[in-house]
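Novice: One structure, as structure tokens, below. Some questions next.
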Amino acid sequence: MVRGALRGGRPMRGGIRPPFKKTFVPRHPFDLTLAEVCFPKVPLAGAVDDSALTAALLKRNQDLSPNPSEQTAIGNLVTKVQAVLDNLVVAPGDLTTCQLEEVRQVGSFKKGTILTGNNVADVVVILKTLPTKEAVDALAKKVETDLKASMKTEVLTKGDQHTIQTHERGFDIANVHAKVRILIATLPQNLRKLEPEIHMDHKLMQSHLAAIRHTRWFEENAHHSSIKVLIRILKDLTRRFDAFAPLSAWMLDLIAHLAIMNNPSRQALPINLAFRRVFQLLSAGLFLPGSAGITDPTEPGHIRVHTAMTLEQQDVCCYTAQTLLRVLAHGGYKHILGMEGNTSIVREMSVWNGVCVSPLTAVYEKPTDKKDGDIEEDIEMIENENEDDGGSDEGAE
């Protein structure tokens, strides 16, 4: 008898049911920290001593932090530029090509996660008017003029002389010691009025507005000092390991917050445990297709931040984290942190206390039966079918 038919072979009223629509059900990767109650640790003769790892993490953070002279240089320049821009908000003077609505500091300098040698601060300027390229050029010249006027009583060395350079995001104000990037945005209701031939890029405007939301969320939720230490270390990893390069600054902020604060006690984990947990989560597939990942807390809907990465980038990130987790388990933390050796441990076999760690290889294979120009699709696209475009993931940081 056919399933769904009545006895005697008569079909059900309404005919055959249509096939069910395919739905996306995200999975949460295994997290030992959250499942510790179900998987109690085996009692050992003595507790595991992680003091060496903790000391190395704090030492590495100190090495990556800007020194006092760098902090003073970037702080002074930001203060001067901010004062000029704030004055233009209330008293634009002869600036008639555009009107300023608001000036907000964003990015690593504002969050306190800036790295040494990268003395760059980001400031978003929201315009009331539409952001034409001529208006940005006029604003840059006005800022340069007012900045020189405010510093005319100061004795400046050659290294303190400022230069202005415009680009597709806005313009830069720089001297030898530091640089401030002025990122132009406009009011949200103006975004639909932008024309590509006349105004600045629509997606860049969205990313600059998103940077403001990211900074506001960070100040409210991720102000713990351990989170900033972990972010700085993770940023260094993205510079040294190519597999982690696709991870944006916003992704690093979120995964650091997750690793430290998302635990049963709701108290900040020690930095050594949080560092291990990052590799455990990435190794378990936190940023793989089908994973629940981390939902962007500043965007409407359920946008998972790792979907900004390609499928190949997600795979490389996962198997590299798995290799580094095994190296970390056998005491190779100095090579991971960059205090010894190099990044060849993810490409070549290494030996740690008699244990061989062979690097893993890719699992994802690009489809070969698709025509050139076809867009890669996977089950993740189903969840975004009816969602509005939420802008780029983090363009300003």
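The values are calculated or read from the model by the stated rules, or taken from the named source; none is laboratory data. In this text the structure is predicted, and so the values were computed from the model without any measurement. We place every Cβ from the backbone using ideal geometry, glycine too, and count neighbours over all the protein chains shown. For the accessible areas, the whole protein counts, side chains as well, though only heavy atoms, and no ligand, DNA or RNA atoms are used. Shrake-Rupley method; radii C 1.70, N 1.55, O 1.52, S 1.80 Å.
Novice: Computing the accessible area with a 1.4 Å probe over protein heavy atoms, can you report the carbon and sulfur percentage for region 225-366?
Specialist: On the way: 3040 of 5740 Å².
Roughly 53 percent, rounded to a whole number.
Novice: To the nearest 10 Å², what's residue 115's accessible area with a 1.4 Å probe?
Specialist: Around 20 Å² of this residue is reachable by solvent.
Novice: With respect to the cross-link table entries 142/179; 111/152; 148/235; 148/228; 142/235, which display a Cα-Cα separation exceeding 26 Å? Please report the intermediate quantities before stating the final value.
Specialist: Values: 142/179 18 Å; 111/152 31 Å; 148/235 35 Å; 148/228 35 Å; 142/235 35 Å.
Distance filter (> 26 Å) returns 111/152; 148/235; 148/228; 142/235.
Novice: Hey, another quick one. Give the accessible area for residue 193 in Å² (nearest 10); use a 1.4 Å probe, count only protein heavy atoms, and leave out ligands, DNA and RNA.
Specialist: Taking all protein chains as shown, residue 193 has close to 120 Å².
Novice: Calculate, in whole percent, how much of the Cα-Cα pair population of region 199-275 lies beyond 19 Å.
Specialist: Details: 1283 of 2926 pairs.
Of the Cα pairs, 44 percent sit more than 19 Å apart.
Novice: Shifting gears a bit: Using the per-residue mean of other Cβ atoms lying within 10 Å as a proxy for protection, in what order, highest first, do the peptides 72-79, 302-309 fall?
Specialist: Details: 72-79: 16.8, 302-309: 19.6.
Result, highest mean first: 302-309, 72-79.
Novice: How do 162, 214, 330 stack up against each other in accessible area, from largest to smallest, with a 1.4 angstrom probe? It would help to have the intermediate numbers written out before the result.
Specialist: On the way: 162 40, 214 0, 330 70 Å².
Order by accessible area, largest first: 330, 162, 214.
Novice: Let me ask something else. Sort 225, 358, 207 from largest to smallest accessible area, using a 1.4 Å probe on the heavy atoms of the protein chains. Before the final figure, lay out each step's value.
Specialist: Values: 225 80, 358 55, 207 0 Å².
Result, largest first: 225, 358, 207.
Novice: Which of rounded, prolate or oblate describes region 66-222 when judged by the alpha-carbon gyration tensor and an a/c cut-off of 1.5?
Specialist: Numbers: a/c = 1.92, a/b = 1.23, b/c = 1.57.
Verdict is oblate for region 66-222.
Novice: Could I ask something else about it? Run the 1.4 Å probe and let me know the accessible area of residue 315, rounded to the nearest 10 Å².
Specialist: Rounded to the nearest 10, that gives 20 Å².
Novice: Accessible area, 1.4 Å probe, largest first: how do 242, 236, 160, 86 sort? Walk me through the numbers before you get to the answer.
Specialist: Details: 242 135, 236 5, 160 45, 86 65 Å².
Largest accessible area first, the residues go 242, 86, 160, 236.
Novice: With charges set only on the Cβ (+1 for Lys and Arg, -1 for Asp and Glu), what does the dipole of region 66-222 come to about its Cα centre, in debye to the nearest 20?
Specialist: Details: 19 positive and 19 negative charges, 37 e Å.
Computed about the Cα centre, the dipole is about 180 debye.
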